[in-house]
Amino acid sequence: MLHNKISVIFTFFVVFTIVSMSFFKVAAFAAPDPTEQFRPFIKKVTDLLADPKLKSLPKIEQGRRIVSVVREHFDFAEMSKRVLGQQWRKLNDSQQKDFEDLFTTLLQYTYISKIDKYSKNEVEFTHQRIKDDRAEVQTVSGDHDKSINVSYVMLLRGDQWMAYDVIVDGVSLIRNYLEQFNEIIKKDGYDGLVKQVKDKINQIETEQKNK
C-alpha cells in the first residue's frame, strides 16, 4: 500500500514538473519580439518629426510633444537611475522623482529636440540580441551621404520592451552622462549637479525663446 502511494505521488510530481516546464517554455517563447515592437514605434516618432504641424510650434513645445511619444518605449526612470550610479540609492523617492523630471527635461532640450534632422532618413533594422529580460536592437539611419549606427538597449517591463540607453556610433548616452555627472558630484556634490542641470535647462530655454 505504501509503495502504491509513493508511486502515485512520484507520478504526480513527474507530471506536474513536465507541465510546469512546458508552461515556462511557452511563457518564454511568448515574450514579444523587440524589433517588431520598436519598428512601429520608430515610425511613429519619425512621422511626428516630419509633421509640418509640429515644426510650426515653438521649439520648447516641439520637445514636449516628442517626449510624450517617446515615453511609450523609453524608461526615463531607469535612465535617470543609471546616469546617477551609486548616488541614486542615496536619494529618497521624492528626490528620485524630481531628478527623473529634471533629467528628462535635459534630454528633451539637448538630445531629443535635435533628432528632427534625421526625420527624413530611412531607418533599417539590422540586428537584435536578446538575453533574458534584456535586449539590444541595432539600426542604421541615414541617407546616401552618411549613415549613423543607432542601438537601443532595453529591458522587458511586463510585455513592453523599454529602452534605457541609446548608443550612437559606439557612444553610449548613459555612459556619457554618467561620467560627466560623477565628475560634478565628486567636485560639487549632488546639490551642485542639480544646480548645474537646472542652469543648463534655463540657458537652453532662454536661447530657444529668443529664436
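Please treat every number below as a calculation from the coordinates, not as lab data. All values reported here derive from a predicted model rather than from experimental measurement. Every residue, glycine as well, gets a Cβ built from its backbone with ideal geometry; the counts of neighbours run over all protein chains shown.
Here are some notes:
- Segment 33-209: C-alpha gyration tensor shape, a/c 1.5 cut-off, then a/b vs b/c: oblate
- About its Cα centre, the dipole of segment 33-209 is roughly 360 debye, where the only charges are +1 on Lys and Arg Cβ and -1 on Asp and Glu Cβ.
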